[in-house]
Amino acid sequence: MPAEQEYAAVLDLARLSARGDLPQLAHQLRRTSGCANPIHLQGFRTLVHAPTGQILHRYATDTEPGHRLRVACGNRRASRCPSCARTYAGDTFHLIRAGLVGDQAKGVPDSVRSHPRVFATLTAPSFGPVHNRPQSGACRCGTRHPDGSPVLGTPLDPERYDYAHAVLWNNHAPELWRRFTIYLRRDLARAAGLTSTEFSDHARVSFGKVAEYQRRGAVHFHAVIRIDGPEGASTAPPPWATVALLDRAIRSAARRTFVPLAQTPAVPALVLRWGTQVDVRPIRAFGDGSAITELAVASYVAKYATKSAEATESIDRRITERHEIAAHDLPDHTRRLIETCWDLDDQYPDRKLAHWSHMIGFRGHFSSKSPAYSTTLGALRQIRADFRAEQAHADLRDRLLAEGLPDLDDLPEAETLVLAHWAYAGSGLTPGESLLAAGITEQLEHNRTAAREESSRLAQEMEE
Ligand SMILES: [Zn+2]
Ligand SMILES: [Zn+2]
C-alpha cells in the first residue's frame, strides 16, 4: 500500500475507533469473511407473536455501525473481491472432491471411488503459431523465452493470426462441449453394444468441469468425467465400464465433434473443432506416479475456477462502448482479440460477441457439472446459510427465554409473523474498513492453508 493510502487508512481507522463501534464493525466484516466490496443494507426485521400482537424481537440496522448492515458481495473474480473469490474456490473444491471421493453429508456415496473416472483436458485448435517454451529449448522465433515472459502465447505473426476464428471458437466453446457430451454417450453405448436409448438403462455419464484461458486467450476445459450406474452416483457402473473404454471414447468423441458456422459477408464458412491435444488421465484415490490423485484434481479445478473467471490480461468488467477499449492498458494481442469481437458483432447478431468481448467472446459458465456429479454450489451456499440461520435462531430463542418471552420452538409457525423491509444503501468499504477487512481475509487464508497442509500430510501418511 502506498504511504499516503496507508496514512489515510490509519486516519480513517482512528475516526472509526472514536465513533466507539469498532468491535461491532469488525464483527460485521468478519461475517462477510473480509469481503472487499460488501453490499450495504438498511432496514428492519420484526418478529411478532400473531395472536397477541406482541413484538418478540426486533432487529434494525440503526443499531449497526454507520446504521447499516454489510453483506458479502459474492463476486468470484479475485481482482474484484479476493475474499468472495476464495469462498467460491473453496465451494468448487468441495464440489469436485465430493464427486470424486463421495460425501455422505452431501448425498454422494463413497462408492463413487470405484467408478471409472478420468481427468480430461480439451483445448482449442491452433489459430496460428504463437511464442512458446518448448521442452527442446528455443521458441520458433529463435529465443529461449523465460517462464512468465509476456511474449508467451502471443502470435509470431499477428497479421496472419486468425483472430476471427479465435473469438468465434471461444464464443461457441460451450456448444462444442455440449455436442462432445452427446458423442461421448453415443460412443460409449456403441462400445458396449447398446443403442443410445438402451444406454440410459445401464449407465450414466457425469461431468464436473471448469473453463480456463490459455495464455493465447483461447478457452480450454478441464473435466472430471465419470461413469455411474443408471441411477447416478449411488449405483454401480456396469462391468463393461472401464477407464480404458472411457479414455478411448473421450478421444474419439473429441475428434468427431464439430460446430459448423455458415459464411457471412465478412467471414468465410468455418468448422469449429477441438484441438488435437486431448489429455486424459485416470484418477486414483492415492498417487502411484502414473495417475493424478483425487485431492490434486479437486485443488487444481478449484484453483482454476476463480483464476479463469478473469481472462488472461483482460478486462474484469463488461465493455459497453467500443471506445472504452482504448481506456484499458492491454497487451496488443488481448486488445486485438477484444476488437475482433466488436468487429464481428454484426456478422453474428445472435452471438452477442461485443457483449462478451471482455471475456474474449466466451459466454459460458466457468464451472459447471451434470446433475448427477455431486452437490451443487447452490446447495453448498444453502448449507452455509442454513447454518447461520440456525445459529441466529438459537441466539434469538435464548434471548427471548432470558427475557421471559415464549419459547420460539414451541410457537406454531402460523403464530409468528415476520415484518421486514430492506433497502440497498450502497456498497464498498472506507479506507480504514478496508484495512480491517484485509486483516480478516489474511487470517482466514492463513487458517485455510494450515488446514490444507494438514490434510495433505494425512493423505501422504495414508499412502505410506
Ligand atoms: Zn466480496
Ligand atoms: Zn518466441
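The values are calculated or read from the model by the stated rules, or taken from the named source; none is laboratory data. The structure displayed is predicted, hence computed values, not measured ones. Reconstructed Cβ throughout: ideal geometry from the backbone, glycine too, with neighbour counts over all protein chains shown.
Things worth noting here:
- Residue that is nearest to Ala98 (Cα to Cα), among those in the range 111-132 that are in contact with an Asp or Glu (Cβ under 7 Å, 6 or more places away or on another chain) and not in a strand (DSSP E or B): His115
- Test result for Phe199, of a type in the set (Phe, Trp, Tyr), in a strand (DSSP E or B) and modelled with pLDDT under 95: no
- Residue in the range 17-62 that is farthest from ligand 1 (Cβ to nearest atom), counting only those that are under 17 Å from Glu433 (Cβ atoms) and of a type in the set (A, V, I, L, M): Ala18
- Number of the condition not met by Trp422 [criteria: (1) within 30 Å of Ala9 (Cα to Cα); (2) part of a helix (DSSP H, G or I); (3) at pLDDT below 80]: (2)
- Of everything in the range 1-56 that is farther than 20 Å from Ala425 by Cβ and of a type in the set (Asp, Glu), the residue that is nearest to the chain's Cα centre (by Cα) is Glu6.
- Inter-residue pairs, beta-carbon under 6 Å, first part of a helix (DSSP H, G or I) and in the range 234-260, second acidic (Asp, Glu), 6+ apart: Ala249/Asp187; Ser252/Asp187; Ala253/Asp187
- Residue, nearest to Pro129 (Cα to Cα), within the range 140-156, restricted to residues that are in contact (Cβ under 8 Å) with a residue 24 or more places away in the chain and within 9 Å of ligand 2 (Cβ to nearest atom): Leu156
- Here Ser136, Ser114 are screened, and the one residue that is modelled with pLDDT under 95 and in contact with a Pro (Cβ under 9 Å, 6 or more places away or on another chain) is Ser114.
- Filter result for Asp62 (under 30 Å from Ala18 (Cβ atoms) and assigned to a helix (DSSP H, G or I)): yes
- Selected residue [within 30 Å of Tyr163 (Cβ to Cβ), among the hydroxyl-bearing types (Ser, Thr, Tyr), within 16 Å of ligand 2 (Cβ to nearest atom) and surrounded by fewer than 20 Cβ atoms within 10 Å (Cβ to Cβ)] from Ser79, Ser126: Ser126
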